[in-house]
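Some notes on the structure that comes next.
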Amino acid sequence: MNSGVCSQFARIKGDSDGRSITVRLRGQLPSASVFVTLGFGFTSLIANPVSLRIEEPQLARESRAAYWALAIVFLAVYVGSMFSPALLDDADATHAEAAREMFVSGDYVTLHINGVRYLEKAPLPYWLVASAYKLFGVSEFSTRVFMGLAILLLGVLGICWGRRAFGERAGIYAGLLVYTCAGVYLFTRILIPDVLLSLLIAAALYFFLTALEPDGAAWRWYAGYAAMALGVLTKGLIALVFPCGAAFFFLLITGEWRRWREFRLISGSLLFLAIAVPWHILAGIRNPGTAQHHGFFWFYFVNEHFLRFLGKRIPHDYNKLPALLYWSLHFVWLFPWSFYLPTAVRAAQQQWLSVKATSRVVQSTFAARTRLLCWLWAGVVLIFFAISTNQEYYTFPAYLPILLLLADGIAQCEQAECRNNVRVGWLRVSAGALAAIGIVASAVLLLGLWQSRHLPFEPDIGELLNRQANSAYTLSTSHMLDLSYASFAALRLPAAMAAAVLLLGPLLSFALRWRRRNYAATWTLAITMCIFLIAAHIALVRFGPYLSSKQLAQEIAAREQPGDEVMIYGDQAFGSSLLFYLRQPIDLVEGRTTSMWFGSTFADAPKIYLTDADLQHDWASNSRVFLFVPSYEKSRVDQLLPNKFTIAEISGKYVYSNRP
């Protein structure tokens, strides 16, 4: 069957009560096409559940095949990456260590890292990881399994929401876009709570919107309040700001605020407080302030919420992206689907024209209401972080609404351009632009491979990189600045895979668009991204020794004896995976910085903070000392400790000892 053939052969018969329709097909048509063809013509039926009887068994089989294909895409991209690479230094291993110490200590109220209070994060992600450690043991897989589940559920929510609002094809596309979006993959390679936060915010808004439907059950309101409460336990007050902000503007524009008595404000708020408040109270009680020292409430709410928003957080270790870069990078994070943004704009224009024609603020269909909410939802998140300090992944909660709009826009354009026999529409323009980008990207990768063709394979990729000054690493993707031609010698397989798939995949998708085989074209682009992300995972594994200190931890563990000391010189973040893999306290030399600062101000903080003088004293003692030194501190340590033995050196990171 040609899945791109337009539907011109459906006869629709409605029952007298208007609650069900029967579709009789006179030709072959895939299930997704049925929903696209009929769904947009009967959006009022989408808003009210109907019984849809399609008298064609092959349609059901093709629909099942699409969902099996979605499952395969998810498994191929995300399941293998739960096991490798090793946990990365900085946020990844730091957060994993907080969960590991929670699991070991049994203290599920106050987070600790290296025995020091870690009060800047909400607890739910750490509860989940600690639970995984209890079930599966402490490992890379158990560290990442909850994030993989959150990605899976985010895609499932996109499928369900897209199907209900826009039809089955758009629902399939929504899940496909989530699982093959560059930013979703990139920002789930480290243990951060943003994907879980995005899932909970999305769930809260889905329950909110469906509760407003004529048949909306009361439990949906309570589910929305519970989702917001869990979001607050995931990443603080923004889990309340974003859904409430989007809902506020939605109610204001639509006039639905007049239904406020239906919102279960009192009972829903009590449920929210019952879920969200107890941990905050316990954390405040166990980490009190004094006249000379701030406690949990000041640090968590004032410093980590309001001062962070204003760019005055203590310590100041966050950057803010320039405005042009902040906005334009979203074309990268949402690649390749961001190039189909004109289709989503077209759908919004059509809705606006319909509003003007009918003189109604918002159409009564669930599809129209979903479009409006998604634009507001994405806008609230993007504008908030355009004002606040930000990291690249902070806008993750805006991804799902944008991807839903893109899925709707692509599906609508596929139907409209096919039905109207459009010669050059937005689908072909977008596909052509992606083909051009693919050719350029492939050429760059092939150039790197050509320049490195005579270079030997180097197992330690860290020796082949252009290392930047430490100040360059204030953003989560700063290590991309280190890439050099020489590094391609160690990345030949993933680079060759990426070059081939970026050259062929978008070109094939464009050719299929030109022939109006749109369904196949969308899936071709998705499979292209699937292979590209697998290549990216292979590359990330090759970067493992450079981004992680697991191998150095193994070198220390092989030599360490009872009574030996292990130290990190400088900021703990640059060797945080040592903590996770050695599973013991580590002294920090001149390391009372960044995330280790506030916990060190408590009177009962462990005595792990050493000065240069303390290091020199211990170095001259009879005890054996292992000292981890990142590359940016090497020259300083060489002057401080002229007599030392190099135990191991990997990717510019060193382990020294005062004994051979």
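When G224 is tested against (1) over 25 Å from T522 (Cα atoms); (2) at pLDDT below 95; (3) buried (at least 24 other Cβ atoms within 10 Å of the Cβ), only condition (2) is not met. So the check is Cβ under 9 Å with 6+ separation or different chains; which pairs have a first residue in the stretch 267-296 that's not assigned by TED's automatic domain parsing to the domain that holds W597 and a second one that's of a type in the set (G, A, S) and surrounded by fewer than 13 Cβ atoms within 10 Å (Cβ to Cβ)? Matching pairs, first to second residue: T290/A603; H293/A603.
Within the stretch 223-231, the presence of at least one residue that is assigned by TED's automatic domain parsing to the domain that holds I410 and touching a Ser or Thr at 6+ places or on another chain (Cβ under 8 Å) is confirmed.
Listed by position, the helices (runs of 4 or more DSSP H) inside the stretch 189-295 whose residues that are farther than 22 Å from F384 by Cα number at least 2 are 194-211, 218-235, 265-286.
Quick grid of which residues meet (1) hydrophobic (A, V, I, L, M, F, W, C); (2) closer than 24 Å to V145 by Cβ; (3) surrounded by 15 or more Cβ atoms within 10 Å (Cβ to Cβ):
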residue	(1), (2), (3)
L233	yes, yes, yes
I238	yes, no, yes
L252	yes, no, no
R264	no, no, yes
S269	no, no, no
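In the stretch 603-619, the residues that are within 20 Å of V116 (Cβ to Cβ) reach residues that are surrounded by 14 or more Cβ atoms within 10 Å (Cβ to Cβ) and among the aromatic types (F, W, Y) with C-beta atoms within less than 8 angstrom, at least six apart or across chains, in these pairs: L615/Y569. For G544, the requirement of being in contact (Cβ under 8 Å) with a residue 40 or more places away in the chain, within 37 Å of the chain's Cα centre (by Cα) and farther than 23 Å from S84 by Cα is not met. Selection of the stretch 296-341 for residues being over 30 Å from L434 (Cβ atoms), part of a loop (DSSP other than H, G, I, E, B) and hydrophobic (A, V, I, L, M, F, W, C) yields only I314.
When T395, T389 are checked against the criterion of being out of contact with any strand residue (DSSP E or B) (no Cβ under 9 Å at 6 or more places or on another chain), polar (S, T, N, Q) and assigned to a helix (DSSP H, G or I), a single residue qualifies: T395.
How about the stretch 27-102: which helices (runs of 4 or more DSSP H) wholly inside it have at least 2 residues that are closer than 30 Å to L209 by Cα and at pLDDT 95 or above?
Numbers: elements: 31-39, 43-47, 57-74.
By residue number, 57-74.
Annotation note: Cβ proximity below 8 Å between a residue of the stretch 230-243 that is at positive phi and a residue that is assigned to a helix (DSSP H, G or I) and of a type outside the set (S, T, Y) (sequence gap 6+ or interchain) occurs for G236/E304; G236/H305. Here F297 passes the criteria (1) in contact with a helix residue (DSSP H, G or I) (Cβ under 6 Å, 6 or more places away or on another chain); (2) closer than 17 Å to A204 by Cα; (3) not polar (S, T, N, Q) except the one numbered (2).
Report whether or not L588 is surrounded by 21 or more Cβ atoms within 10 Å (Cβ to Cβ) and either farther than 23 Å from R286 by Cβ or in contact with a helix residue (DSSP H, G or I) (Cβ under 8 Å, 6 or more places away or on another chain) (or both). In short, yes.
The values are calculated or read from the model by the stated rules, or taken from the named source; none is laboratory data. Source: prediction; values computed, not measured. Virtual Cβ from ideal backbone geometry, glycine too; neighbours counted across all protein chains shown.
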